Amino acid sequence: MADELIKAGSGVVALVDSHEIGDVLKPLIREIHLFDSYIAGTSHLKEPEVLDAVKVGDMLNLKREDNKFDDMAILVLNDAGMKLGYIPEKDNVVFARLMDAGKLLKAKVTDIEMKGSFHMIRIGIYLVDF
């Protein structure tokens, strides 16, 4: 009977059983600020109106892209998965290597400045650590 499973009424098993796994892990997640940069390529978007919905404080997703112009390209996406631009090529090498090694990186909008019709969107880049 040593290999028998027992139902526990308390502890971690009960916690996981009564909550979504994301709710259980949230207190264990740390966002480590790595670098400040901006979103490049915002003036070349096919749907530039997507930038109008971006607000200071928004969390953005980063995704590696197979790109013939930049081997280390990292897309910046909103929550709906719409392209906002890229991490600038001058800044992306270390972040691309971290992502290629399986690390999760996110970006947070820190400032938005309009220069005519151009959106200058400054971001902080974070390592999401579990």
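Each reported figure results from applying straightforward, stated rules to the coordinates on display, with no laboratory input. All values reported here derive from a predicted model rather than from experimental measurement. Please note: Cβ atoms are built from the backbone with ideal geometry, for glycine as well, and neighbour counts cover all protein chains shown.
Normalised by 2.2 N^0.38 Å, where N is the number of residues, the alpha-carbon radius of gyration of segment 29-129 equals 1.01.
Among the trypsin sites (Lys or Arg not before Pro) within segment 74-122, those in coil by DSSP and having at most 14 neighbouring Cβ atoms inside 10 Å are 103.
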